[in-house]
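Below: the structure, in structure tokens.
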Amino acid sequence: MLLFLEQLLNGVQLSVTLLLMASGLTLVFGIMNLLNLAHGSLFMVGAYVAAWTTGVSGSWLLGLVAGAAAAFVTGIVIELVVMRRLYARDHLDQVLATFGLILFFNELVRLLWGIRPMRLDVPEALGGFVEIVPGAPYPLYRLAVIAAGAAVMLALAWLVQGTRVGMRIRAGSVDREMIGALGVDIGRLYTLVFALGALLAGLAGVLAGPFLAIQSGMGEPILILAFVVVVIGGIGSLKGAVAGSLLVGITDTLGRVYLPKITDAGPALSSMLIFLVMAVVLAVFPTGLYGRKS
Amino acid sequence: MPMKSAAAAAAAAALLLATAAAAQAADPVKVGMVTTLSTGAGYLGDHVRKGFELALEQAGVADRVTLLVEDDGLDPGTATQLTERMVERDGVKIMTGAIFSNVAMATIPKLVRNYDILYVSPNAGPAPLAGKGCHPRYFNTAYQNDNFAEVMGKYANEQNLKRVYLMAPNYQAGKDSIGGFKRFFKGEVVGEVYTKLNQTDYAAEIAELRAANPDAVYFFYPGGMGINFMKQFAQAGLADKVVALGPAFSFDDTLLDAVGDAAIGFFNGSQWSPDLDVAANKTFVDGYKAKFSEYPTLYAAQGYDTAQAIVAALQKTDWSTADMDALAAAMKQADFPSVRGEFAFGNNNHPIQDIYVREVFKDDTGNVTNRIATKGFDNHVDAYAAECEMK
């Protein structure tokens, strides 16, 4: 039972990383109708720049800021140079172009930092353990990731629900032509939304950096899960992203632990599990949990 | 007059023959290397190539060998195309380079069956090629895949680690490695967990591991998976409670750089170590550090020995590749100063060699690297040699 609680916590921690990725993805997809496969590259950019900055400066906090900022700036540049040209195209063209971006960024980090994976350690202040479950020390850093992710999401919710910019973002996701007609500079709004998504992805990359090998292509496995989250939650819905992340993060974690104990086919089943969940959700809610009915 | 012209013709013919022979001697032998240079695992092939080139250079035969290098991108289809193109279009007679077993299985059996060539694997050593599918034209200068797992199973017995937890990705190589460990381990397996291939977060599995409270964990996580697992294992505070054992594939210096201090105190099985007290190894390690300003990995050592083995065979045939049977026979003698010391090919053309247990430590310069903890096997023969029909 206590172990189950700990596993639940692990599930929530995975959910937080997914949520940071999925919220940007769903905003961009929902508002700009843009399918961005290169979202994982922004995750990678965040992790790389944070690892490099931390290595050079010795300050983890500086690395965090630099990583998130680098992803934000990269987001702006990509939007201005590439994405702009894709809004009017269909989704297949977008998939092709953003897939090209993945290859470009994977090669770019290899040119800049070499093929050796880079390292980002857990910040020293967060290196300890907390005994939430007696006898099972839980790494403090993983708790901090949960807290940081939750705080960022609350801030995002406030931005979208409680500010003028947020109002425009929401309006844009409902009727793009109309808010353009009402005099909102839609170009600038798009750049902002895209860069915001990039910032969140970069932040996810920095926070996950200490768990992971920071190497070329590290963003792709998490991107696949993030897409599942977006589809389950409903495209364009932040509430859906929250629900989807928790569902995917917790199902995946618990499935990995408990399915192999029930059946020999467990390992194979558990890697399919979230896709089965997605299929069931789509069968009941064809546009996702919080998707707009078309 | 006719006499004279006949003599002239003979002289001319002799001259021609002589120049032809000279030209042949000067013509470098082509060696084709289709290896993995891109993807996250690209450094493996890169190190094999560097080791190979260093060996040619140090032996002073760099101008006698033309090394053709291509990247297979870790894709069996690409590897098939590239290897066949080298053999058919470029007339390459000696091929090498396979890093991954799936690429090796897709290319090597076809190549040695369909063409009059020699294949020397510098890394991949899948079981089928060591057993029933062995071939007189196929050599492996590295290891049989199970070797590093087997030595850790034996080591666990010797260290009195009675309860061991096993972890690997859910694919063939993972299952083979666990199988290799269990072949020698006599204690109790308290958990056997197969995770998703390329999984990044192991928090849930590590929590289960801790709950099982084993004496040791044996894990097979090559490449980036190894970095992820080791960091998270250490972050969970298990490093000083559970002895960590693995094959060398998670512990080369490139990966250790990315893991850092978290890997200190882990044990791993390998046929080579930078501190191996062998003259040829010192020449190799010093030469490698000087030329590339980085610590050599076992892949570089394997590339180095692969080049040495090929060059030794070519020297015996006077740099001729006309008679491939003769070249294969020369190859089999393994008459070269291996960085591993004693080295011989078994009946299945796979190495008979010592296998060591290495320990991760921090050296004087603050670099996290490997040193030998103990020798696990003397002249170890792989488990599949008996299934091979060759003598």
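Throughout, read-outs are computed from the coordinates displayed, never taken from laboratory work. For clarity, every value in this text was computed on a predicted model and none was experimentally measured. With ideal geometry, Cβ positions are generated from the backbone for all residues, glycine too; neighbour counts draw on all protein chains shown.
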Selection status of residue A:26, surrounded by fewer than 23 Cβ atoms within 10 Å (Cβ to Cβ), within 17 Å of the chain's Cα centre (by Cα), more than 14 Å from chain B (Cβ to nearest Cβ) and of a type in the set (Val, Ile, Thr): no
Unique residue being part of a helix (DSSP H, G or I), within 30 Å of residue B:207 (Cα to Cα) and in contact with a Phe, Trp or Tyr (Cβ under 7 Å, 6 or more places away or on another chain) when the list is A:9, A:18: A:9
Residue count, the range A:115-141 (criterion: surrounded by 15 or more Cβ atoms within 10 Å (Cβ to Cβ) and not basic (Lys, Arg)): 16
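Within the range B:348-362, how many residues turn out to be in a strand (DSSP E or B) and surrounded by 21 or more Cβ atoms within 10 Å (Cβ to Cβ)?
Counting residues in the range B:348-362 that are in a strand (DSSP E or B) and surrounded by 21 or more Cβ atoms within 10 Å (Cβ to Cβ) gives 7.
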First in the range A:83-112 and under 11 Å from residue A:216 (Cβ atoms), second anywhere and part of a helix (DSSP H, G or I), Cβ under 6 Å, 6 or more apart: A:102/A:41; A:105/A:41; A:109/A:48
Unmet requirement for residue B:96, which otherwise passes all of (1) polar (S, T, N, Q); (2) within 16 Å of residue B:303 (Cα to Cα); (3) out of contact with any Phe, Trp or Tyr (no Cβ under 8 Å at 6 or more places or on another chain): (3)
Odd one out for residue A:118 among (1) over 20 Å from residue A:15 (Cβ atoms); (2) of a type in the set (A, V, I, L, M); (3) more than 12 Å from chain B (Cβ to nearest Cβ): (3)
Selection status of residue B:290, free of Cβ contacts under 8 Å to residues at least 40 places away in the same chain and exposed (fewer than 14 other Cβ atoms within 10 Å of the Cβ): yes
Leading residue by the ranking (nearest to the other protein chains (Cβ to nearest Cβ)) among those in the range B:179-215 that are buried (at least 22 other Cβ atoms within 10 Å of the Cβ) and within 21 Å of residue B:151 (Cβ to Cβ): B:214
Scan of the range B:236-249 for residues that are out of contact with any strand residue (DSSP E or B) (no Cβ under 6 Å at 6 or more places or on another chain) and away from chain A (no Cβ under 11 Å), ordered by number: B:239, B:240, B:249
Checking residue B:168 against (1) buried (at least 21 other Cβ atoms within 10 Å of the Cβ); (2) closer than 30 Å to residue B:342 by Cβ, the condition it does not meet: (2)
Test: residue in the range A:115-130 that is out of contact with any helix residue (DSSP H, G or I) (no Cβ under 9 Å at 6 or more places or on another chain), outside any helix (DSSP H, G or I) and not small (Gly, Ala, Ser): no
Filter result (away from chain B (no Cβ under 12 Å), surrounded by 16 or more Cβ atoms within 10 Å (Cβ to Cβ) and among the aromatic types (Phe, Trp, Tyr)) within the range A:101-114: A:105
Count of residues meeting criterion [free of Cβ contacts under 8 Å to residues at least 24 places away in the same chain, surrounded by fewer than 20 Cβ atoms within 10 Å (Cβ to Cβ) and either among the polar types (S, T, N, Q) or in contact with a Gly (Cβ under 8 Å, 6 or more places away or on another chain) (or both)] in the range A:259-288: 5
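Hey, among A:63, A:67, A:75, A:55, which residue is part of a helix (DSSP H, G or I) and over 21 Å from residue A:20 (Cβ atoms)? Spell out how you get there, then give the answer.
On the way: A:63 fails: over 21 Å from residue A:20 (Cβ atoms); A:67 fails: over 21 Å from residue A:20 (Cβ atoms); A:75 fails: over 21 Å from residue A:20 (Cβ atoms).
Checking each option against the conditions leaves just A:55.
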Residue check, residue B:173 among the small types (Gly, Ala, Ser), crowded, with 16+ Cβ neighbours inside 10 Å and more than 21 Å from the chain's Cα centre (by Cα): no
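Answer yes or no as to whether residue A:233 is in contact (Cβ under 8 Å) with a residue 40 or more places away in the chain, facing chain B (nearest Cβ under 10 Å) and closer than 30 Å to residue A:166 by Cβ. Write out each step before concluding.
Details: in contact (Cβ under 8 Å) with a residue 40 or more places away in the chain: yes; facing chain B (nearest Cβ under 10 Å): no; closer than 30 Å to residue A:166 by Cβ: yes.
Answer is no for this residue.
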Residues of the range A:195-214 satisfying the condition of being of a type in the set (Gly, Ala, Ser), within 12 Å of another protein chain (Cβ to nearest Cβ) and either over 12 Å from the mean Cα position of the chain (by Cα) or surrounded by fewer than 24 Cβ atoms within 10 Å (Cβ to Cβ) (or both): A:209, A:213
Cross-chain or 6+ apart pairs with Cβ under 8 Å, the range B:242-267 first and assigned to a strand (DSSP E or B), then surrounded by fewer than 22 Cβ atoms within 10 Å (Cβ to Cβ) and among the acidic types (Asp, Glu): B:243/B:215; B:267/B:359
Scan of the range B:106-132 for residues that are more than 20 Å from residue B:386 (Cα to Cα) and part of a helix (DSSP H, G or I), ordered by number: B:106, B:107, B:108, B:110, B:111, B:112, B:113, B:114
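Working carefully through the options B:306, B:317, B:297, find the one that is touching a residue at least 60 places away in the same chain (Cβ under 8 Å) and farther than 18 Å from residue B:372 by Cβ. Break it down stepwise before answering.
Details: B:317 fails: touching a residue at least 60 places away in the same chain (Cβ under 8 Å); B:297 fails: farther than 18 Å from residue B:372 by Cβ.
That would be B:306, the only listed residue that is touching a residue at least 60 places away in the same chain (Cβ under 8 Å) and farther than 18 Å from residue B:372 by Cβ.
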Residues that are surrounded by 14 or more Cβ atoms within 10 Å (Cβ to Cβ) and either among the basic types (Lys, Arg) or part of a strand (DSSP E or B) (or both), drawn from the range B:363-391: B:368, B:369, B:370, B:371, B:372, B:373, B:376, B:377, B:380
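If the requirement is being without any contact (Cβ under 8 Å) to a residue 60 or more places away in the chain and at positive phi, which of these qualifies: B:74, B:111, B:82? Break it down into steps so the answer makes sense when it comes.
Working: B:111 fails: at positive phi; B:82 fails: at positive phi.
Matching residue, one of B:74, B:111, B:82: B:74.
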Unmet requirement for residue A:72, which otherwise passes all of (1) over 22 Å from residue A:221 (Cβ atoms); (2) surrounded by fewer than 15 Cβ atoms within 10 Å (Cβ to Cβ); (3) under 22 Å from the mean Cα position of the chain (by Cα): (2)
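Criterion first (among the β-branched types (Val, Ile, Thr), in contact (Cβ under 8 Å) with a residue 24 or more places away in the chain and touching a Phe, Trp or Tyr at 6+ places or on another chain (Cβ under 6 Å)) does residue B:357 satisfy it?
Details: among the β-branched types (Val, Ile, Thr): yes; in contact (Cβ under 8 Å) with a residue 24 or more places away in the chain: yes; touching a Phe, Trp or Tyr at 6+ places or on another chain (Cβ under 6 Å): yes.
Taking the combined requirement at face value, the residue satisfies it.
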Number of the exception - residue B:139 against (1) within 12 Å of the chain's Cα centre (by Cα); (2) in contact (Cβ under 8 Å) with a residue 40 or more places away in the chain; (3) part of a loop (DSSP other than H, G, I, E, B): (3)
Conditions (1) surrounded by 15 or more Cβ atoms within 10 Å (Cβ to Cβ); (2) outside any helix (DSSP H, G or I): number failed by residue A:183: (1)
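Yes or no: residue B:233 under 29 Å from residue A:252 (Cα atoms), crowded, with 21+ Cβ neighbours inside 10 Å, within 14 Å of chain A (Cβ to nearest Cβ) and aromatic (Phe, Trp, Tyr)?
Numbers: under 29 Å from residue A:252 (Cα atoms): yes; crowded, with 21+ Cβ neighbours inside 10 Å: yes; within 14 Å of chain A (Cβ to nearest Cβ): yes; aromatic (Phe, Trp, Tyr): yes.
It is true that residue B:233 is under 29 Å from residue A:252 (Cα atoms), crowded, with 21+ Cβ neighbours inside 10 Å, within 14 Å of chain A (Cβ to nearest Cβ) and aromatic (Phe, Trp, Tyr).
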